[in-house]
Amino acid sequence: MRRIFAPIPPLLCVSSICFAASPGGLDIYFIDVNGGAATLIVTPAREAILVDSGSPVQRDADRILKVVRDVAGLDRIHHLITTHWHLDHYGAVELLAEQIEFGKFYDRGIPDESLDDPKNFPTLIAAYREASKGDTVTVRAGDRIEVKQPADGPKLKIRCVMASGKPVDMQDGKPNAMCDQHKPQADDKGDNGMSLVLLFSFGDFQFVIPGDLTWNLERDLVCPTNPIGQVELMQVSHHGLSSSSNPVMVHALAPRVAVMCNGPTKGGASEVIEAYLNSPGFDALWQLHLNRKDDQFHERLKTRTANTKIGSGGEFIKVQVEPGAEQFKVQIGEQGASAVTYDCW
């Protein structure tokens, strides 16, 4: 790990308002939706990809819109990817659609009924259908999501490596020596296990979003072979709950840095934090919230926590990958609190 003071990026101006931009680079924002998920990726060609959209409350919609418009300086969401049908991952779509234009919609396919939430699903899925105008792309393992590419520099590639409980073809992967250390948990028959798992590749930089994938299926993703390899950055599965983050997967992917989208009382389990801290080559775990649990790990992570006071919220974590994709910087908020720069593998 190296601490480097990055040069001030040039300004992008939209409607006479100027924003710090990363031309040719890749920006990732982990937005605080209080224990749900909403991750904004701004591509090298300045397209907005929103992976998940928080809960059906105005707070979450407002926080997402603030990052998209006021921080990233964009006026539309070009691609919306929903990893699975839990309300903290797709609930704010209706509220967002009332205030910003969407482009393409991607999901695992819309089921006839919810596996877990029969009460809220009919209303929320009706709103999703209306926002998408019924035009969605069903994503399966192995599919690629195409985005606009810059004229020069590394291209951003997006591949789904698991969908609806089925991993991508394992033939190209390397054997995973951790597989025999798998300790099974109860099978997940709910929607978490159906999550889309997405791999973003930008030059030497690789980033994984696993949705809320759970323990046994995390093992299936990387065993008997690991089709992903080693990554620079990983969004911690399932908000840091102990039913996910199987060390068999975490240690196989061996992320240099991980970001946990937890809440004040949700996620942040000690065994999850330990799985990452013990992963080979691991440098740092960042998290959105200081958890209310009296836990030594959370106190140790305080300098890499976006929202450190109980009851506070709204601050995001930003990852900025330089145009050459040889280094990436992680910081809290747009002012860059606790900013650290890491080399890619």
- List the pairs whose first member sits in segment 144-158 and is among the acidic types (Asp, Glu), whose second member is modelled with pLDDT under 95, and whose Cβ atoms are under 9 Å apart, counting only residues at least 6 apart or on separate chains? ASP152/GLY24; ASP152/PRO323
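For segment 245-345, give me every one of the helices (runs of 4 or more DSSP H) that falls completely inside it and has 2 or more residues that are buried (at least 22 other Cβ atoms within 10 Å of the Cβ).
Values: elements: 247-253, 270-277, 296-300.
Counting at least 2 such residues, we get 247-253, 270-277.
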- One residue from LYS189, LYS183 being out of contact with any helix residue (DSSP H, G or I) (no Cβ under 7 Å at 6 or more places or on another chain), more than 20 Å from LEU87 (Cβ to Cβ) and among the basic types (Lys, Arg): LYS183
- Just one of the numbered conditions (1) assigned to a loop (DSSP other than H, G, I, E, B); (2) farther than 23 Å from LEU301 by Cβ is not true of ASP180; which one? (1)
- Query: Could you list, in sequence order, the residues of segment 113-144 that are among the small types (Gly, Ala, Ser) and loosely packed, with under 12 Cβ neighbours inside 10 Å?
  - Reply: ALA126, GLY134
- With respect to ASP283, determine if the residue is closer than 26 Å to LYS318 by Cβ, touching a strand residue (DSSP E or B) at 6+ places or on another chain (Cβ under 8 Å) and of a type in the set (Asp, Glu). yes
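Determine whether LEU213 is hydrophobic (A, V, I, L, M, F, W, C), surrounded by 19 or more Cβ atoms within 10 Å (Cβ to Cβ) and in a loop (DSSP other than H, G, I, E, B). Walk me through it before giving the result.
Values: hydrophobic (A, V, I, L, M, F, W, C): yes; surrounded by 19 or more Cβ atoms within 10 Å (Cβ to Cβ): yes; in a loop (DSSP other than H, G, I, E, B): yes.
Answer is yes for this residue.
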- Message: Can you tell me which of (1) part of a helix (DSSP H, G or I); (2) open to solvent by 10 Å² or more (accessible area, probe 1.4 Å); (3) modelled with pLDDT of 95 or more is the one LEU221 doesn't meet?
- Response: (2)
- From ASP204, ASP191, which residue is surrounded by fewer than 17 Cβ atoms within 10 Å (Cβ to Cβ) and among the acidic types (Asp, Glu)? ASP204
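Residues of segment 139-154 being on the phi < 0 side of the Ramachandran plot and over 19 Å from the mean Cα position of the chain (by Cα), which ones?
LYS148, GLN149, PRO150, ALA151, ASP152, PRO154
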- Message: So ILE273 ticks every box in (1) β-branched (Val, Ile, Thr); (2) in contact (Cβ under 8 Å) with a residue 60 or more places away in the chain; (3) within 28 Å of LYS174 (Cβ to Cβ) but one. Which box is left unticked?
- Response: (2)
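The values are calculated or read from the model by the stated rules, or taken from the named source; none is laboratory data. Keep in mind the model is a prediction, meaning the values are calculated, not measured. Here the Cβ is made from the backbone with ideal geometry for all residues, glycine too, and neighbour counts use every protein chain on show. The accessibility values were calculated without ligands, DNA or RNA, using every heavy atom of the protein model including side chains. Shrake-Rupley method; radii C 1.70, N 1.55, O 1.52, S 1.80 Å.
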